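Structure record follows, encoded as structure tokens.
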Amino acid sequence: MSSNQIWTHKGTFLLAAVGSAVGLGNLWRFPYLAGENGGGAFILIYIATIAMVGVPILIAESLMGRSSRRSPIMGLKHLTETHGASRGWRVIGWMGAVAAFIILSFYSVIAGWAVHYSGLMFSGSLAGADSEQIAASFDTLLASPNLLLAYHTAFILVSGLIVGMGIHKGIESGLRFMMPALFLILLIVLGYAVVVGDAGAAMAFLFTFNLEDLSLEGWLEAMGQSFFTLSLGMGAIMAYGAYMSSEASLTRTAIWIACVDTLIALMAGVAIFALVFGSGLEAGQGPGLMFVTLPIAFAQLPGGSILGGIFFILVIGAALTSAISLIEPIAAWLIERFGLSRPLSVGIMVAACWALGLVTVFSFNIWSEGTFTQAWFNRSPFDVLEFITNILMPIGGLLIALFVGWSLSRQEVLREMATTSSWFAVWQFLVRFVAPTAVAFVFLRTIPQVEGYLIPTVGAVAIIGGFTIGRAMLARR
Ligand code: TRP
């Protein structure tokens with residue numbers, strides 16, 4: 001049974017979880033969000049949320065995995081049965097699987113852009129190009145379904161290959177090679193950025209804490225990002241936690257994951273803004289920061305073609321180690337539930353996810369106008385997919401915090417935490433009260449984005465949901 005597998009080393013879970021956490025969220029999303037939301041103030045809120053909400057939920061989710069030693073969907077069935085908890089909690093496993101499935105479908109397409117850009121950089125075809133040419137090259141890429149499809153296919157196939165080779169030969173060996181290599185590349189890029197760019201301006205931008213710069217929107221963005229970057233609420237951490245050594249400390253491991261993930265986001269931020277400011281460009285460019293602004297900087301700088309190519313290899317590798325953690329939960333479920341072989345399970349997952357990826361591919365070209373999603377929601381099909389995951393992620397995190405905080409039996413939680421120190425009480429307080437409240441705020445942020453007449457619907461859903469959750473929390477033995 002796959003459910004009895006354990007990582008080879010006590011520290012492998014840490015490596016795997018960091019691989020999952022460090023991804024496009026650190027290298028692409030974090031810098032542009034910080035750039036749009038006033039730099040240092042954003043980072044302050046982000047770090048506070050990681051510590052107060054991210055780490056407690058990280059502990060809770062890995063606890064669920066290790067305690068059940070099953071894939072998320074089967075794990076919740078097992079936990080609710082053995083703890084006499086409401087069956088309703090099983091929705092955590094299913095929602096996580098749906099969210100992971102959707103995220104992988106577009107994550108793979110976006111990682112494909114980085115494949116394209118590493119090619120453009122290494123071939124030197126952008127060297128000396130001006131900003132208009134570079135912006136136009138991004139538009140050309142997005143306008144070509146064939147190119148996007150080719151990269152998407154290649155990326156998801158490689159991810160599937162690694163997971164298909166098993167948790168030891170595939171995931172573990174892959175990570176043991178990729179993670180140090182990625183860190184080394186990040187150091188090289190950072191060193192280069194400090195030498196040729198304006199590191200002083202980057203540091204001033206990132207570490208000047210001026211809370212007035214921060215809008216409420218920025219506040220909520222920071223909290224949402226701290227969730228996304230730790231891969232929370234989707235079963236990925238739970239699936240990896242199922243293979244975690246019983247000797248490893250949940251608390252210490254979670255703190256390490258959060259620290260390494262944050263350190264890497266900050267290093268990427270310093271590198272990217274040093275290059276951007278050094279070239280006299282603007283920080284607040286939104287999602288185009290990595291694919292337009294940064295290539296403009298590389299095109300002007302000495303040695304920019306090579307270093308730019310290396311930078312995009314870093315992006316591809318970081319995305320790859322995250323993508324494999326999105327495949328594992330669903331593949332593990334297919335193995336456990338239907339007794340399929342691992343390669344077949346991974347094959348099914350990857351094929352289905354590849355097909356959904358077509359929606360994202362076509363959203364930038366042949367479906368950029370005139371589909372029903374534009375007619376109904378005024379958004380492209382890709383935006384609708386992203387929006388769905390932005391809702392599922394905080395709900396998943398909220399339910400995990402409530403489930404572990406309130407519904408799991410106290411003996412089991414104490415046994416897994418292997419501590420009775422006062423830190424246990426701190427964690428319990430955070431996971432019971434602070435995390436659910438904070439996550440509810442992040443969730444409420446999505447409401448104003450919904451068309452006006454839907455607000456009462458969402459409100460009603462929230463009230464009914466709250467009532468149902470309340471009953472589930474009380475319904476134990
Ligand atoms: N943490 C990943 C990143 O920073 C993105 C992500 C979110 C993720 N949820 C996930 C990755 C679940 C793997 C599994 O890019």
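Within the range 249-299, can you find the residues that are assigned to a loop (DSSP other than H, G, I, E, B) and surrounded by 18 or more Cβ atoms within 10 Å (Cβ to Cβ)?
Taking the range 249-299 as the starting set, the residues that turn out to be assigned to a loop (DSSP other than H, G, I, E, B) are 249, 279-287.
Correct list: 279, 281, 283, 285.
Which one of these is under 24 Å from the mean Cα position of the chain (by Cα) and free of Cβ contacts under 8 Å to residues at least 40 places away in the same chain: 341, 380, 322?
Working: 341 fails: under 24 Å from the mean Cα position of the chain (by Cα); 322 fails: free of Cβ contacts under 8 Å to residues at least 40 places away in the same chain.
Exactly one of 341, 380, 322 is under 24 Å from the mean Cα position of the chain (by Cα) and free of Cβ contacts under 8 Å to residues at least 40 places away in the same chain, namely 380.
Please determine, by comparing only the residues of the range 1-57 that are polar (S, T, N, Q) and part of a helix (DSSP H, G or I), which one is farthest from the ligand (Cβ to nearest atom). It would help to see each step written out before you state the result.
Taking the range 1-57 first, the residues polar (S, T, N, Q) are 2-5, 8, 12, 20, 26, 37, 49.
Add one more test, that the residue is part of a helix (DSSP H, G or I), and what stays is 2-4, 12, 20, 26, 49.
On the way: 2: 19, 3: 20, 4: 23, 12: 17, 20: 4, 26: 5, 49: 14 Å.
Checked the range 1-57; the qualifying residue farthest from the ligand (Cβ to nearest atom) is 4.
Within the range 192-205, restricting attention to residues that are part of a helix (DSSP H, G or I) and either basic (Lys, Arg) or more than 26 Å from the chain's Cα centre (by Cα) (or both), which residue is nearest to residue 311 (Cα to Cα)?
Filtering the range 192-205 for residues part of a helix (DSSP H, G or I) gives 192-196, 199-205.
Now drop any that are not either basic (Lys, Arg) or more than 26 Å from the chain's Cα centre (by Cα) (or both), which leaves 192, 194-196, 199-201, 204.
Details: 192: 11, 194: 14, 195: 15, 196: 15, 199: 17, 200: 21, 201: 21, 204: 23 Å.
Per the criteria, the residue is 192.
Out of all the residues in the range 237-264, which are under 13 Å from residue 22 (Cα atoms) and touching an Asp or Glu at 6+ places or on another chain (Cβ under 9 Å)? Even if it seems obvious, please write down each step before you answer.
The first filter runs over the range 237-264 and keeps only residues under 13 Å from residue 22 (Cα atoms), leaving 237, 256-264.
Within the range 237-264, just 237 meets the criteria.
With 241, 286, 224 as the choices, which residue is within 15 Å of the ligand (Cβ to nearest atom) and over 27 Å from residue 69 (Cβ atoms)? Full working, then the answer.
Values: 241 fails: over 27 Å from residue 69 (Cβ atoms); 286 fails: within 15 Å of the ligand (Cβ to nearest atom).
Residue meeting the stated conditions: 224.
From the list 380, 305, 345, exactly one residue is closer than 24 Å to residue 228 by Cβ and either modelled with pLDDT of 90 or more or buried (at least 19 other Cβ atoms within 10 Å of the Cβ) (or both). Which is it?
Values: 305 fails: closer than 24 Å to residue 228 by Cβ; 345 fails: closer than 24 Å to residue 228 by Cβ.
Just a single option satisfies the conditions, and that option is 380.
Among what's in the range 58-74 and is in a helix (DSSP H, G or I) and more than 16 Å from the ligand (Cβ to nearest atom), pick the residue that is farthest from residue 190 (Cα to Cα). Walk me through it before giving the result.
Pass one, the range 58-74, residues in a helix (DSSP H, G or I): 58-68, 72-74.
So of that shortlist, the ones also more than 16 Å from the ligand (Cβ to nearest atom) come out as 59, 63, 66-68, 74.
On the way: 59: 31, 63: 35, 66: 36, 67: 40, 68: 41, 74: 43 Å.
The residue in question is 74.
The values are calculated or read from the model by the stated rules, or taken from the named source; none is laboratory data. Computed from a prediction, not measured in an experiment: that's the story for all the values here. Virtual Cβ from ideal backbone geometry, glycine too; neighbours counted across all protein chains shown.
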